[in-house]
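Below is one structure; the comments refer to it alone.
The values are calculated or read from the model by the stated rules, or taken from the named source; none is laboratory data. Note that this is a predicted model, so its numbers are computed, not measured. Cβ placement follows ideal geometry from the backbone for every residue including glycine, while neighbour counts extend to all protein chains displayed.
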């Protein structure tokens, strides 16, 4: 207890005692006055005793206080040290080692010692070489006793997931009770703190965007991401916060979630070194000379762990009021898809939407992609071969000298897509022809006389759609995997077999949901012998490889109503009485069959890779048919297969692609062992079989 407190309480006790004594003396004095003197002496004695007691209390309190202070001064907590070191560079999301060191430089043992480390929210604990207690952003290790002069360390393993160049604080302290004390001390100094900086992240994120945009015009942003690490991420989220004034039209691919001007994409199982992109289009309407922000954030998670934000990018677009609007038409439409070798007619239309004349207009067109510049036919313009730039000015188009309010004009040129586009790799796909238009003025306002100023721009992108090729060939003499029987030339009333080959190839882009179909002509039968694209030969009766539609099943007494959705009969390959769900699941894989009701031969593939048949083998199926000519067929060639239709969905251009192959006859132009005249039906010789 402090000395001044003791003194104050002692004075109060003395005063209280004296007041009680005075009260007793006044009440107990006798008539003769003898008691008064005796009590006076007693009172004096008591005062002496109290004074002595007071002096003793003060002496004892002072001795306790100074002894305690001397003891405290004898222990120096600054000699108890704790420090945090980081072993290695900090790569975002990769394991890092923290070395936490402690030392007791005093001559006193430390009891109940424990170390606390305060970590940022971005830290993910993995392990440590001592058992740790984890509470939110604090880790604690119990050391129990640390002997005088002893030291030690703790290894902590964890991850720090954050943005490039971002810094994070790690602060530590050590608490303990010295052996000669009964209360707790804490030690922490500058060595107990460390600051780490993220020097690398596992992702690259880039934005392609116009630095300047025309108010009210269409704008396109491209978001490109790449996993540059050797780690696989279970989930990656990309969020794009667009300006409120942005009127969203579409994105490719579409967002996983859209809320107001926030677009989100979720990508699963992102492999090391893999990459992707998103394209966003829309219109923007804002006041003149206003900057608008685009914010894109990439977060990712490994092995179902928490999502961490790795990249955060903010870019700005300057919105300007531009007096010229531009529209590009290719072969009469704004969005056109090209095929190799075709002619493309570009018409560039522009209009003055301001309230003043614009002088000295110059229109430039820069074309790049798979086009044949030797075929260029430019109307009323000039062409620079070195830069592949076309130019129109007042020298060629007089109206461009002074382009009045609300006036419209157009310039044009024709050019052919290349007939031959070299494909050297499996994924030489997603080809396009790009044309960028810039309109400049040399006298738009009084401050820019004779100084060129770009006042409007526009870009068109003509994508090459996939090409799908199907080829049919007929043979009597083939490679022997399936044997044909019968007569050449075909004879009336006698059965002859033929093998039909379907070859499938493609160009440029991947195709999904590919389907090839042809109807067998009258008088032509399915034999049940065929070869799938994997080379597996299937031999059987006429029911082999067939599908019977629902209404046929309902008529059959051999199948219950529960199985009335579909029947697939394929010897050695498929089981009878399959449900519609089972059939549907098979269609998601490659499938080849004959429809007994429609007489359709059908080949289905879930996907056909780009450039199949060019940098990878052609896809092929083979099947056998038979004919039995009638007398009315004598002197004629017979059809053995009708026209083939092939279709598939090109996801690059978002449209269905179709292809056709003409019919086949008994002339067999691809079977060189058979002459054309041997395809004509004859009467035959009686008795021959």
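A few notes on this one:
- Selection of the range 147-163 for residues being in contact (Cβ under 8 Å) with a residue 60 or more places away in the chain and crowded, with 16+ Cβ neighbours inside 10 Å yields 158, 159, 160, 161, 162, 163.
- Every residue from the range 485-497 that is farther than 18 Å from residue 530 by Cα and part of a strand (DSSP E or B): 491
- Sole residue being closer than 30 Å to residue 204 by Cα and outside any strand (DSSP E or B), chosen from 396, 303: 303
- Counting only strands (runs of 3 or more DSSP E) that fall entirely inside the range 206-249 and contain at least 3 residues that are under 21 Å from the mean Cα position of the chain (by Cα) and at negative phi, the qualifying elements are 218-227, 233-241.
- Residue 597 passes every criterion in (1) in a loop (DSSP other than H, G, I, E, B); (2) modelled with pLDDT of 85 or more; (3) surrounded by 15 or more Cβ atoms within 10 Å (Cβ to Cβ); (4) touching a helix residue (DSSP H, G or I) at 6+ places or on another chain (Cβ under 7 Å) apart from (3).
- Flag if residue 673 is under 58 Å from the mean Cα position of the chain (by Cα), farther than 30 Å from residue 279 by Cβ and in a loop (DSSP other than H, G, I, E, B): yes
- Set side by side, the residues 173, 133 differ, and just one is crowded, with 16+ Cβ neighbours inside 10 Å and not assigned by TED's automatic domain parsing to the domain that holds residue 236, which is 173.
- Residues being part of a strand (DSSP E or B) and either out of contact with any strand residue (DSSP E or B) (no Cβ under 9 Å at 6 or more places or on another chain) or over 21 Å from residue 484 (Cα atoms) (or both) - total across the range 604-637: 8
- Condition check for residue 238: modelled with pLDDT of 90 or more, surrounded by fewer than 19 Cβ atoms within 10 Å (Cβ to Cβ) and more than 30 Å from residue 322 (Cβ to Cβ): no
- Among the residues examined, residue 660 does not qualify as buried (at least 18 other Cβ atoms within 10 Å of the Cβ) and either part of a loop (DSSP other than H, G, I, E, B) or modelled with pLDDT of 90 or more (or both).
- Among the residues of the range 498-523, those identified as over 29 Å from residue 651 (Cβ atoms) and crowded, with 19+ Cβ neighbours inside 10 Å are 498, 499, 500, 520.
- Here residue 673 meets each of (1) over 21 Å from residue 608 (Cβ atoms); (2) in the same structural domain as residue 507 (by TED's automatic domain parsing); (3) out of contact with any helix residue (DSSP H, G or I) (no Cβ under 8 Å at 6 or more places or on another chain); (4) surrounded by 13 or more Cβ atoms within 10 Å (Cβ to Cβ) with one exception, condition (4).
- Residue 281 being farther than 30 Å from residue 199 by Cβ and within 30 Å of the chain's Cα centre (by Cα): yes
- Matching residues in the range 98-151 - criterion: being part of a strand (DSSP E or B) and over 27 Å from residue 195 (Cβ atoms): 110, 111, 112, 144, 145
- Filter result for the condition that a residue is at pLDDT 90 or above and part of a strand (DSSP E or B), over 500, 482, 455: 500
- The listed residues are 420, 464, 413, and the only one of them that is within 32 Å of the chain's Cα centre (by Cα), at pLDDT 65 or above and at negative phi turns out to be 464.
- With respect to the conditions (1) modelled with pLDDT under 90; (2) touching a strand residue (DSSP E or B) at 6+ places or on another chain (Cβ under 8 Å); (3) more than 25 Å from residue 101 (Cβ to Cβ), residue 231 falls short on a single one, namely (2).
- Subset tally (residues that are out of contact with any strand residue (DSSP E or B) (no Cβ under 6 Å at 6 or more places or on another chain) and in a loop (DSSP other than H, G, I, E, B)) for the range 182-201: 3
- Single residue of the range 259-298 satisfying the filter (modelled with pLDDT of 85 or more and farther than 21 Å from residue 206 by Cβ) that is surrounded by the most Cβ atoms within 10 Å (Cβ to Cβ): 269
- Residue within the range 475-489 that is more than 26 Å from residue 674 (Cα to Cα) and surrounded by fewer than 17 Cβ atoms within 10 Å (Cβ to Cβ) present: no
- Test: residue in the range 90-106 that is surrounded by 15 or more Cβ atoms within 10 Å (Cβ to Cβ), over 23 Å from residue 307 (Cβ atoms), modelled with pLDDT of 90 or more and touching a helix residue (DSSP H, G or I) at 6+ places or on another chain (Cβ under 6 Å): yes
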